[in-house]
Amino acid sequence: MSKLKVAELFYSIQGEGRYMGVPSIFLRTFGCNFKCQGFGMPRGELSNEVEVIAERIADFKTYEELPLVSTGCDSYASWDPRFKHLSPMLDTSAVADAICDILPHKTWKDEHLVITCGEPLLGWQRAYPDLLDHPKMTGLREITFETNGTQELSTEFAQYLKDWPWQHKDGFTREITFSVSAKLPCSGEKWEEAIRPEVVKSYQDIGAHVYLKFVIATEQDFADAECAIGAFREGGFKGHVYLMPVGGVESVYALNNRRVAELAMKNGLRYSDRLQVPLFKNEWGT
Ligand code: SF4
């Protein structure tokens, strides 16, 4: 049976993107190909908040005890190797059991499954078929992969998704979504590594619903997003585009959410909130 290294597994409201407001199980797998140390920093500078936390690693016995950060990646503990001992390796049957345990009715109703980052399309692609085929997952209708859009699907996983029973035997239509949070220069990552139109197009080609989501703090970020949107469209991307305010903490989020909403309206793009920030203060497990 396949195994997954699980950074977090929790039940909450999806705060971002297409399924904003939908009760959702979040499965956060361990590992990412980026660091995104530029978020919330002046352009060209990198956050060192995680370095400071890592120096005190012995103080933290569980994932939930780790401090939240206001700059850099707010999911740092889900990929930084210095925190990997806090994320257990579980077989897919144990993950399916744990999911059903935290569903309010112990079985799927109208909840949605979010497989999120770190970057969930790294090596764990080989384990998802085992998980999704588990008998406890049969009532599941909708899945979102929250990805940075840089990882190609393996031939086997792409075929698995194409063959997935999109029409459930009980008559309802099932959906797979790729929520692609492509990283702009404000993340601190390199454009040529972060903006991969051919990869995003390949998600679309398996019949999934694919949308782009850009984190915006400044006018420059929006100018970068426009360039990226152009590149994705040229590469054949046909989905919706969301602008989302920067801010894993409420003070930062509240500074620019209205401005980003107005920018989205002015440019005919969609606005994504971050409901988890005002509702739950973006704490672990939300
Ligand atoms: S891609 Fe996502 S999880 Fe990875 S470092 Fe960037 S923000 Fe964090």
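In a residue-by-residue description of segment 56-72, the property of being under 14 Å from LEU9 (Cα atoms) and touching a residue at least 40 places away in the same chain (Cβ under 8 Å) applies to at least one position. Selection within segment 169-179: residues that are surrounded by 18 or more Cβ atoms within 10 Å (Cβ to Cβ) and hydrophobic (A, V, I, L, M, F, W, C). The member of this set that is farthest from GLU111 (Cα to Cα) is PHE178. GLN151 falls short on exactly one of the conditions (1) among the polar types (S, T, N, Q); (2) part of a loop (DSSP other than H, G, I, E, B); (3) away from the ligand (no atom under 16 Å from the Cβ), and that condition is (3). All of (1) closer than 30 Å to GLN220 by Cα; (2) touching a strand residue (DSSP E or B) at 6+ places or on another chain (Cβ under 7 Å); (3) among the aromatic types (Phe, Trp, Tyr) hold for PHE34 with one exception: (2). Taking the criterion of being in contact with an Asp or Glu (Cβ under 9 Å, 6 or more places away or on another chain) and open to solvent by less than 30 Å² (accessible area, probe 1.4 Å), the residues of segment 97-118 that qualify are LEU103, GLU111, HIS112, LEU113, VAL114, ILE115, THR116.
Of everything in segment 156-165 that is open to solvent by 80 Å² or more (accessible area, probe 1.4 Å) and farther than 23 Å from CYS32 by Cβ, the residue that is modelled with the highest pLDDT is GLN159. Looking only at residues of segment 79-110 that are closer than 15 Å to PHE10 by Cβ and either in a loop (DSSP other than H, G, I, E, B) or at pLDDT below 95 (or both), we find that the one that is nearest to the ligand (Cβ to nearest atom) is SER87.
Assessment of segment 141-148 against the conditions (away from the ligand (no atom under 16 Å from the Cβ), more than 28 Å from ASP170 (Cα to Cα) and surrounded by fewer than 18 Cβ atoms within 10 Å (Cβ to Cβ)) yields no matching residue.
Is one or more of the residues making up segment 224-245 more than 16 Å from the ligand (Cβ to nearest atom) and touching a Cys at 6+ places or on another chain (Cβ under 9 Å)? No, there is no match, as no residue in segment 224-245 is more than 16 Å from the ligand (Cβ to nearest atom) and touching a Cys at 6+ places or on another chain (Cβ under 9 Å). A single member of SER70, SER47, SER75 is of a type in the set (S, T, N, Q), touching a strand residue (DSSP E or B) at 6+ places or on another chain (Cβ under 8 Å) and within 16 Å of the ligand (Cβ to nearest atom), and it is SER75. Pairs linking a residue in segment 120-139 that is free of Cβ contacts under 8 Å to residues at least 40 places away in the same chain to a residue that is basic (Lys, Arg), with Cβ atoms under 8 Å and 6 or more positions apart or on different chains, are GLY139/LYS109. Inspect segment 187-208 for any residue being crowded, with 23+ Cβ neighbours inside 10 Å, touching a Phe, Trp or Tyr at 6+ places or on another chain (Cβ under 6 Å) and free of Cβ contacts under 8 Å to residues at least 60 places away in the same chain and give the result as yes or no. Scanning segment 187-208, I find at least one residue that is crowded, with 23+ Cβ neighbours inside 10 Å, touching a Phe, Trp or Tyr at 6+ places or on another chain (Cβ under 6 Å) and free of Cβ contacts under 8 Å to residues at least 60 places away in the same chain, so the answer is yes.
Residue pairs whose Cβ atoms lie under 7 Å apart, sitting 6 or more positions apart in sequence or on different chains, and linking a residue in segment 19-37 that is closer than 25 Å to GLU175 by Cα and open to solvent by 10 Å² or more (accessible area, probe 1.4 Å) to a partner that is more than 16 Å from the ligand (Cβ to nearest atom) and small (Gly, Ala, Ser), are PHE26/SER12.
Evaluated against (1) open to solvent by 30 Å² or more (accessible area, probe 1.4 Å); (2) in a loop (DSSP other than H, G, I, E, B); (3) among the hydrophobic types (A, V, I, L, M, F, W, C), ALA182 falls short on exactly one condition, (1).
The values are calculated or read from the model by the stated rules, or taken from the named source; none is laboratory data. Quick caveat, the model's predicted, so the values are computed rather than measured. Cβ atoms come from the backbone with ideal geometry, glycine included; neighbour counts cover every protein chain shown. Ligands, DNA and RNA are stripped out before the accessible areas are found, and what is left, the full protein with its side chains, is counted by its heavy atoms. Shrake-Rupley method; radii C 1.70, N 1.55, O 1.52, S 1.80 Å.
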